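See below for the structure under consideration.
The values are calculated or read from the model by the stated rules, or taken from the named source; none is laboratory data. As the structure is a prediction and not an experimental result, all values here were calculated from the model.
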Amino acid sequence: MKIYQVYRWEHGEGPTVSFYANKAEATRAAKTFIEETDNDMDIVVSVFELPTKKVGLIRALNLISATSECHPSTRVASYEPKEVPDYNSYSFYEDG
């Protein structure tokens, strides 16, 4: 079974993966994330074959982590994030 994954790394929140039934839904979600969230990296849409037999399915699910894209997968789109403001951590500690 072919499914689509959207991988993103939201500023301050960390990595997130979400799954969609088709490319159009995944692409629409990725574009929405671009507009509504601050991301530190490109938002990547990938497609991969999810096995339908129990052993293969368990193996595939165990490969999924929020810190990396699922493998093996094929990237179908990538969207650059909006520019994230550069926070000067030193100014937090300075008086006035």
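Any chance you could count how many residues in region 1-40 are among the hydrophobic types (A, V, I, L, M, F, W, C) and within 9 Å of the chain's Cα centre (by Cα)?
Filtering region 1-40 down to residues among the hydrophobic types (A, V, I, L, M, F, W, C) leaves 1, 3, 6, 9, 17, 19, 21, 24, 26, 29-30, 33-34.
The next check asks that each one be within 9 Å of the chain's Cα centre (by Cα); those that pass are 6, 9, 17, 30.
Result for region 1-40: 4.
Just checking, how many residues over region 1-55 are over 12 Å from E80 (Cα atoms), in a helix (DSSP H, G or I) and at pLDDT 90 or above?
Summing the residues that are over 12 Å from E80 (Cα atoms), in a helix (DSSP H, G or I) and at pLDDT 90 or above in region 1-55 gives 10.
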